[in-house]
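Have a look at the structure below, then the notes.
The values are calculated or read from the model by the stated rules, or taken from the named source; none is laboratory data. Please read these numbers as outputs of a predicted model, since none were measured by experiment. Note that we place each Cβ from the backbone using ideal geometry, even for glycine, and neighbour counts take in every protein chain shown.
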Amino acid sequence: MSWQHEERTPVIIAAFNEEKRIANTLAALDVENVAPLVMVNGSSDRTAEIARQYTDQVIELEEQGKFPALQRGVEILGRQGLHGVLFIDADSVPRHRRIWADEMTFPFITNPGPMVTAGRLRFTEGSSVANGIRTLRRQRDFAASARRQDSSSVYGANMGVQFHTEDIRDEFLALPHVWPGEDKLTADLIMEHGGKVKYLASPYSDVHTSSRYHISLLERLVKGKRNAVTQNDAGYLARSPNAARASYVDGRIVPFLPKTSGVISPEA
């Protein structure tokens, strides 16, 4: 398959059994400015069927795994993927559909080199009080990451990438399958090549998301709490049994697998 929408910003959405949410995500995208590419990775429900009601750019993959789906999407984009591609989760919705993509990609215009843009998250699953607390905590961490200029608050539910060169893009395609943590791994790659991470404080770049479980798990891993798998995490991971997972080791993300006891530790 070749990409046929060169005049619009591509938005890659990896979707695994998201028949209840994918319609809301696609309906919230302004298709006059963006072209969604839905990568349905190993789903057993109606995700692909529903997605095709909104776009003809739907690819069904046999393997399960978010990062391989994103990598395959970037590969399909070809050279257009070098100069600005957006990633959003299949359970996430831009708050301002008309200008979300412009806000996320504007830094690419003023910075022609490799770059990652990071938009903020607002949580929607659970009680309003709990979501408000989680959102405020993420915004606090987001601001701290912006000051440090690190990758710790880059989330795949709302990010943009400008690879700039085919070599960097090809290195991205060769990265190992990690999850959660594919977003940090991508940002680290960009920074290794002298690129920047641009944290966007504007509310026009915000998305609503229900991806709170794996984001919370990753944050504990980043802080070195490798065995901090809560009861909520256990339930979430049980619903995603085939997902590869990641851990920070000496500031770097490396793949790892859960032990049979359910305690997570780095892969040997």
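Among the residues of the range 8-19, is any surrounded by fewer than 22 Cβ atoms within 10 Å (Cβ to Cβ), in a loop (DSSP other than H, G, I, E, B), at pLDDT 90 or above and not aromatic (Phe, Trp, Tyr)?
Yes; the residues of the range 8-19 include at least one that is surrounded by fewer than 22 Cβ atoms within 10 Å (Cβ to Cβ), in a loop (DSSP other than H, G, I, E, B), at pLDDT 90 or above and not aromatic (Phe, Trp, Tyr).
Considering only residues that are touching a helix residue (DSSP H, G or I) at 6+ places or on another chain (Cβ under 6 Å) and not hydroxyl-bearing (Ser, Thr, Tyr), look in the range 190-199 and name the one that is modelled with the highest pLDDT. If you could, list the steps in order and put the result at the bottom.
Restricting attention to the range 190-199, the residues satisfying the condition of being touching a helix residue (DSSP H, G or I) at 6+ places or on another chain (Cβ under 6 Å) are 193, 197-199.
Subsequent filtering for residues that are not hydroxyl-bearing (Ser, Thr, Tyr) retains 193, 197-198.
Numbers: His193: 94, Val197: 91, Lys198: 91.
Looking at the filtered set, the residue picked out is His193.
Residue check: is Val34 out of contact with any Asp or Glu (no Cβ under 7 Å at 6 or more places or on another chain), more than 17 Å from Val178 (Cβ to Cβ), crowded, with 22+ Cβ neighbours inside 10 Å and modelled with pLDDT under 95?
Working: out of contact with any Asp or Glu (no Cβ under 7 Å at 6 or more places or on another chain): yes; more than 17 Å from Val178 (Cβ to Cβ): yes; crowded, with 22+ Cβ neighbours inside 10 Å: yes; modelled with pLDDT under 95: yes.
When the stated conditions are applied, Val34 passes them.
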